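S.K.: Please read through the structure below; I'll follow up with questions.
The values are calculated or read from the model by the stated rules, or taken from the named source; none is laboratory data. Note that the coordinates shown come from a computational prediction; the quantities given were computed from them, not determined experimentally. Positions of Cβ are generated from backbone atoms using ideal geometry, with glycine treated the same way; all protein chains shown enter the neighbour counts. SASA here: full protein model, heavy atoms, side chains in, ligands and nucleic acids out. Shrake-Rupley method; radii C 1.70, N 1.55, O 1.52, S 1.80 Å.
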Amino acid sequence: MIENKIFWCIVNLIATTIEELVLVRMFDIYSKRKRQNFIIYLLLFIPIMTVQIFDFYGVDSNTKLLIVLIIDFIYCIYCYDNKIFKTILISGLYWMISMGIDLLAFSFVNMFNLNSNATDIMNSTLYRLELIIFSKLMLMASVVVLRKLNLKKELTRKQYLSVLIPISANIIFIVVIWSLVYKYIPNNLQINYIGLILAVLLIFSNISILKITNNIVKENQLKFENEKLREKIDIQYNYYLNLKKEQEKITKFRHDIKNHLLCIKNSATTEESNEYIEKINLEINQKVVDFNTGNAILDVIFYEKSIICIDKKIKYKFDVDYSRCEFIDVIDTCSIFSNLLDNAIEACDKIDQGDKVIELKGNVANEFFVIKCENTKVNDVLYLGENITTDKEDKELHGIGLKSIRESFEKYGGDINIEVLDDKFIFKGFIPIK
């Protein structure tokens, strides 16, 4: 059966199908489809059948490779929502890995069977079958490793080029080795060892390129997060500066209106007018919350958050002595307390039944400024590795509040600790007093 032509047609068809399915899987991991599943898998028959036709007519392997590369590229551009550079990058990674695995598989088969050259292996049905099975199993296994590579974000053109150049060099290196060393140099034990070493080095080179690519993507993502973080902090800082000015105006207005009402009350002659004036006074005073933390901006933050708590019927207690924390930058003060209270208010606002409580304390103990914030909750806390993430759809722009708090603490040599209970979220942090 192994000599049967129909058998080899089926084997080649299965091998090509595996290769194309792994390519589709790679694009599924790193990209978003813009066509329906039916269309994606239907169009996959084009490159698969092209390879079968080329094999039937004995088309040169390099020519076949070039044409299939072009067909796969057009296919991926049509089926996936990627820019051209990203499509080239993912396609290049796939072919670099696929060809590297084929070369490594060939080196092992050649080493174990002591054949003279690549032509002998490809003409031997048994060795050829070994090569196909070994290489395609390794190719399918590579998908597990590739899932850990983060290529979902777009890179800059310069970053794409910095990765594509070594990928292209590796692919050319593989073609040269395959064309020259194995096809035209007679086999001996030394050549076998050299070929195996080159194949192993190439695999390590591929792994290094994957790691470099992953580091570039992480660096790009970190830059994106830091920009968003800095943008959010700047917005918060400017907001509280403006709010402080408005609060000063409101305080002056409230003081003036009280005096006016007092004058009106003294001149009022009816009980009805007195009751009306008392109601106005009550309305003016009911949301007046005075804080004296030792920091003007922090007083404003607490004032604003207390108004929100009253509107959302959240019981709150803010008790912070910030008088010895003048070394902490105003922007970090905004970042720590506004994000901390925003998260607590958001958690309490999700409670439909039961107490909504936020308690924030901050004071100096043993030359450390210690903060403790507790809030009730009903939602589950989601984790991404060691970090807490958001349950909102836009995970890139949300969930960075706690990261901002952590970075502010670490900036001053401090640390934070989080305890999550079924009905309560507890934040503890400390910063050494300078």
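S.K.: Could you give the distance between the Cα centres of segment 311-379 and segment 38-105, to the whole Å?
M.R.: So the two Cα centres are separated by 56 Å.
S.K.: Moving on. What number do you get for segment 297-346 when its Cα radius of gyration is normalised by 2.2 N^0.38 Å, N = residues? Mind dumping the intermediate values first?
M.R.: On the way: Rg = 11.3 Å, N = 50, 2.2 N^0.38 = 9.7 Å.
Against the compact-globule rule of thumb, the ratio is 1.16.
S.K.: Something else now. Rounded to the nearest 0.05, what FRET efficiency do residue 310 and residue 415 give with R0 = 30 Å and r taken as the Cβ-Cβ distance? Could you check?
M.R.: Once rounded, the FRET efficiency stands at 0.35.
S.K.: A further question on this structure: I'd like to compare 135-142, 417-424: which one has the highest average count of other Cβ atoms within 10 Å, and what's the full order after that?
M.R.: Numbers: 135-142: 17.6, 417-424: 10.9.
Ranking, from highest mean packing down: 135-142, 417-424.
S.K.: May I pose another question? Order 202, 66, most accessible first, counting only protein heavy atoms with a 1.4 angstrom probe. Please list the in-between numbers first.
M.R.: Values: 202 5, 66 105 Å².
The ranking, largest first, comes out as 66, 202.
S.K.: Could I ask something else about it? Across all directions of projection, what mean area in square nanometres is found for the Cα convex hull of segment 1-104? Kindly include the intermediate steps, with their values, before the conclusion.
M.R.: Numbers: hull surface 28.6 nm².
Convex hull of Cα atoms, orientation-averaged projection: 7.2 nm².
S.K.: While we're here: Multiply the residue gap between residue 434 and residue 162 by 0.36 nm, knock off their C-alpha separation, and tell me the result in nm, one decimal place.
M.R.: Numbers: separation 272, 0.36 × 272 = 97.92 nm, distance 4.43 nm.
Stretched fully, the residue 434-residue 162 segment lengthens by 93.5 nm.
S.K.: Next question, about the same structure. Just to be sure I understand the model, the point goes 7 Å from the Cα along the line to the Cβ. What's the resulting residue 423 to residue 361 distance in nm?
M.R.: So the two model labels end up 2.0 nm from each other.
S.K.: Once you have the Cα-Cα distance between residue 78 and residue 379, take 0.36 nm times their residue separation minus that, and quote the gain in nm to one decimal. The partial results should precede the final answer.
M.R.: Numbers: separation 301, 0.36 × 301 = 108.36 nm, distance 4.11 nm.
Extending this stretch completely gives an extra 104.2 nm.
S.K.: Let me ask something additional. Would you kindly state how much longer the chain becomes between residue 111 and residue 329 on full extension, computed as 0.36 nm times their sequence separation minus their alpha carbon distance, in nm to one decimal? Walk me through the numbers on the way to the answer.
M.R.: Values: separation 218, 0.36 × 218 = 78.48 nm, distance 6.56 nm.
Full extension of this stretch gives 71.9 nm more.
S.K.: Further question on the same structure: Output ³J(HN,Hα) for segment 349-359: one whole-Hz value per residue in order, computed from phi by the Karplus curve 6.51 cos²θ - 1.76 cosθ + 1.60 with θ = phi - 60°, and x for Gly and Pro.
M.R.: Couplings: 5, 7, 7, 8, 10, x, 6, 10, 9, 10, 10 Hz.
S.K.: For the pair residue 370/residue 21, report the inter-label distance in nm, with labels modelled 7 Å from Cα in the Cβ direction.
M.R.: Placing both labels 7 Å along Cα→Cβ, they lie 6.0 nm apart.
S.K.: Among 339-348, 5-14, how do they line up from the highest to the lowest mean number of other beta-carbon atoms within 10 Å? Show your work: numbers first, answer last.
M.R.: Details: 339-348: 20.8, 5-14: 13.0.
Put in order of decreasing packing, that is 339-348, 5-14.
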